[in-house]
Amino acid sequence: MLGSLPFLPKPDAVAVLPITTGLPSREVAIGRTLVIQQCASCHNVSHQTAITVFNQRLALRSLVNLLERRNLTTADKIENYLKAIGGFPYMHPVVGTDEERASMALYLEYFYQQQQRNPQTAAYSAK
């Protein structure tokens, strides 16, 4: 998936993008790029994709809350869930290689852990 569309960087360019600075690994950075590209149109997938209304941060369709409700808090569980997503009538399948799906799972695990460690940065979820 990465590098195959003009608005997606090649995999070797992801780790040097300014927006990925501070992430724990190149794989997490690749996963973040893919999650934003494939999931952010419907879900809150990072601190930047929450919105603020009347001084209240809102995480619409929060992936952190979804993962927590379904007990998908490790990369292995999340990766298995991503493999099954295309079977849900309301979801499109995850596009990409097995390695890209694994990177997406690593990013979602990292994002979940960050939200648990820093509840002040977590946005209110409109359920």
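Counting the residues of the range 65-104 that are of a type outside the set (Ser, Thr, Tyr), modelled with pLDDT of 85 or more, surrounded by 15 or more Cβ atoms within 10 Å (Cβ to Cβ) and in contact with a Lys or Arg (Cβ under 8 Å, 6 or more places away or on another chain) gives 4. Would you confirm whether any residue within the range 41-64 is closer than 26 Å to residue 117 by Cβ, in a helix (DSSP H, G or I) and at pLDDT 70 or above? There is at least one residue in the range 41-64 that is closer than 26 Å to residue 117 by Cβ, in a helix (DSSP H, G or I) and at pLDDT 70 or above.
The values are calculated or read from the model by the stated rules, or taken from the named source; none is laboratory data. Since we're looking at a predicted model, the values are computed, not measured. All Cβ positions, even for glycine, are placed from backbone atoms using ideal geometry, and neighbour counts span all protein chains on display.
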